[in-house]
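Here the structure comes first, spelled out in structure tokens, and everything after it is commentary.
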Amino acid sequence: MTFAVQSATAAAHCKKGQRLIKKPLLLVGKEHFQDDVFKIRVSGGGRVAQIYAVRQALAKALVAYYHKYDDKQSKRELKNIFAAYDKSLLVADPRRRESKKFGGPGERARYQKSYR
């Protein structure tokens, strides 16, 4: 499966609150973040890239929340759960678009050369 370059970014903030998330992360379970509120802003990229960015931001926010307000053991367990399921929940895809160079229409393609 090939992925296009994904340039979407998402910022997530997690804090205590009264609301219940309608679709919680099934991996962690509802009981871990029943009384937490998530605020997520997404910008850039397409719809699929934004979905992946939100997914990753939510996972990273949960890990950061457990690091700040809970013990390190539960944070480590949470990281292990996410890593066992999908490593991309915690680690961003480093691939970026290669920049265009002179002498051609794109990154690698060159203009055709004529000898006569």
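The values are calculated or read from the model by the stated rules, or taken from the named source; none is laboratory data. Worth saying up front: this structure is predicted, and the values here are computed from it rather than measured. Neighbour counts are summed over all protein chains in view; Cβ atoms, including those assigned to glycine, are modelled from backbone coordinates with ideal geometry.
Worth pointing out:
- All of 109, 53, 57 fail the test of being assigned to a loop (DSSP other than H, G, I, E, B) and small (Gly, Ala, Ser), apart from 109.
- Residue 100 being touching a Gly at 6+ places or on another chain (Cβ under 8 Å) and not aliphatic (A, V, I, L, M): yes
- Residues that are loosely packed, with under 15 Cβ neighbours inside 10 Å, at pLDDT below 85, in a helix (DSSP H, G or I) and among the hydroxyl-bearing types (Ser, Thr, Tyr) occur in region 70-77; there is at least one.
- Residue ID - modelled with the lowest pLDDT, chosen from residues in region 22-57 that are farther than 21 Å from residue 9 by Cβ and crowded, with 16+ Cβ neighbours inside 10 Å: 24
- Failed criterion for residue 11 (all others in (1) at pLDDT 70 or above; (2) in contact with a strand residue (DSSP E or B) (Cβ under 6 Å, 6 or more places away or on another chain); (3) part of a loop (DSSP other than H, G, I, E, B) hold): (3)
- Filtering region 83-105 to residues that are within 19 Å of residue 8 (Cβ to Cβ), in a helix (DSSP H, G or I) and touching a residue at least 12 places away in the same chain (Cβ under 8 Å) leaves 88, 89.
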